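Notes follow the structure.
The numbers here are math on the coordinates, done by the rules we state, and not lab data. In this text, all values refer to a predicted model and were calculated from it rather than measured experimentally. Cβ coordinates were reconstructed from backbone atoms using ideal geometry, including for glycine residues, and neighbour counts include every protein chain displayed.
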Amino acid sequence: MSSQRYDLSHPQTSPVDRKATRLLYVSTAKYGGDWNSLPHTHACTELFYVVGGLGQFRIMDKMLAVRPDDLVIVNPQVEHTEVSLNANPLEYIVLGVEGLEFAASEGGDGRYTLFNFRRGRQELLTLFHDILSEIDRKPAGYEIVCQDLLEVLVVKLMRQTDFSLTVAPQRRSSKECAAVKRYIDGHFKESVTLDMLAGIAHVNKYYLVHTFSREYGVSPINYLISRRVEESRYLLGHTDHTLSQIAQMMNFSSPSYFSQSFRKLTGISPMEYRRRQRAQGG
C-alpha cells in the first residue's frame, strides 16, 4: 500500500473579502439579428464572458471587438453597451459583483480590462455554469456556494493574467439621483426640463444638479443631451432620416442646436459622422 499526504502551507489572503464583496446577479444573453443597446452604467462591477458569436463593447469613448472566450471587466459607474453582429450573434454570461473593482496597472485604463481565456475556456465555463445552476435551482445554501465559486473564479482569473482586483466599498447611489437617471433613460426622446426632473425627485432643482453631477460626473440636462446624441448616432448610421427629422425625433429645439450638441460630444458634425459610417459600410 502506498499513500501520499499533502499539507497546506500558510494560506494566502483571499482576494475576495466576504464582508465587502457580494455576487449580486448572474445572467445570460444571446442576441439574434442586429441589436442596438443603449449605453448604461451600473453601481457594481460587471464581468462579461463571451461564450460565442462576435460583437463589440462600447466603453465610454472606446469600441472593443470581442470574440469567444474574451472576458470584459467593467468597473462601477462606467458607461458601456454591447453590440451584436447579425451574421454571428453575440452570446455571453455576465456577473454583477458588489465591492470589487479592477485595478489598472500603471498607465492602464482604470475603466475596464479585456483578456482572452481560450486556453482556460473549459475551466472558466464550468465555474460560470456552476454559478448559473446554483442560482437557477436555488438549493439549500446556494448563496454560500455562489460566493465560494466567485472566490475560486477570481483566483483562477488572477493566475492566468497580470491584473489585480481591489476591494472597493460600495458607493450607494442616492435614491433621488437614481430615480432621475431612470426617468431620463426611459423618456429622453420626450420634452424634459430640469424643473420636471426636480419634481420627480422631490428636491430643489439646484440641489439636484449638485448631487447628480457629483454622482454621475455630469449634470442632469447634459446627461439627457448625451442620451439623445447617442441615439441620434444610431439613426444617422442606420436610417435615411434627415438631420431635421432626427433633431425633431430626439426633441432638440432646432436642427442647429442638434448639430451643435452632436459636435460638442463627438468632435464631428452629424453629416460627417454619417459620411464616415457609410464609408465604413454602416
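Working from Cα positions, state the angle (0 to 90°, nearest 10) between the long axis of helix 255-266 and the longest principal axis of the chain.
Taking the Cα atoms of the chain, the angle to 255-266 is about 30 degrees.
In deg cm²/dmol and to the nearest 500, what is the mean residue ellipticity at 222 nm of the chain if only DSSP H runs of at least 4 residues count, each as -39500 (n - 2.57), divided by the residue total?
-13000 deg cm²/dmol
Tally Lys/Arg at +1 and Asp/Glu at -1 over every other residue whose Cβ is under 13 Å from the Cβ of Leu95; what's the total?
-4
Could you give the angle, 0 to 90 degrees to the nearest 10, between helix 175-187's Cα long axis and the longest principal axis of the Cα atoms of the chain?
Computed tilt is about 60 degrees.
Could you work out how much longer the chain between Ser259 and Leu85 gets when fully extended? Use 0.36 nm per residue separation minus the Cα distance between them, nm to one decimal.
Full-extension gain reported as 59.8 nm.
Cross-link partners among aspartates and glutamates for Lys264, C-alpha distance below 17 Å, same-chain residues fewer than 8 apart left out?
The qualifying aspartates and glutamates are Asp61, Glu230, Glu231, Glu272.
Using R₀ = 30 Å, calculate the FRET efficiency as 1/(1 + (r/R₀)^6) where r is the Cβ-Cβ separation of Thr266 and Thr161; round to 0.05.
The formula returns an efficiency of 0.35 here.
When only alpha-carbon atoms are used, what values of Rg and Dmax, in angstrom, describe segment 60-132?
Both quantities, over Cα of segment 60-132: 13.4, 38 Å.
Taking K and R as +1 and D and E as -1, what net charge do the other residues with C-beta under 12 Å from the C-beta of Asp148 add up to?
Working: positive: Arg18; negative: Asp130, Glu134, Glu143, Glu151.
Overall, the nearby charge balance is -3.
Where does segment 204-282 land on the Kirkwood hydrodynamic radius, alpha-carbon pairs, in angstrom?
13.4
Using +1 on the beta carbon of Lys and Arg, -1 on that of Asp and Glu, and nothing else charged, what's the dipole of segment 132-282 about the Cα centre, debye to 20?
460
Normalising by the residue count of segment 124-282, find the relative contact order in percent from Cα pairs under 8 Å and 6+ residues apart.
Relative contact order for segment 124-282 comes out at 15 percent.
Mind running the shape call on segment 141-282? Use the C-alpha gyration tensor, a ≥ b ≥ c as the square roots of the eigenvalues: rounded below 1.5 for a/c, prolate if a/b tops b/c, oblate otherwise.
oblate
Using 5 Å bins from zero, what percent of all Cα-Cα pairs in segment 98-152 falls into each bin?
Bins of 5 Å from zero give 4, 16, 18, 17, 19, 15, 7, 3, 1 percent of pairs.
For Lys156, list the lysines whose Cα falls under 20 Å from its own Cα; do not include residues on the same chain fewer than 8 positions away.
The qualifying lysines are none; the list is empty.
Taking 0.36 nm per residue of sequence separation and subtracting the Cα-Cα distance, how much length would be gained by fully extending the chain between Ser27 and Asp185, in nm to one decimal?
Gain on stretching Ser27 to Asp185: 54.7 nm.
For a bin width of 10 Å, list the pair-distance distribution of the chain built from all Cα-Cα distances, rounded to whole %.
In whole percents, the pair-distance histogram is 6, 23, 29, 24, 12, 3, 1, 1, 0.
Taking the Cα atoms only, what angle lies between the long axis of helix 142-160 and the longest principal axis of the chain, rounded to 10 degrees?
90
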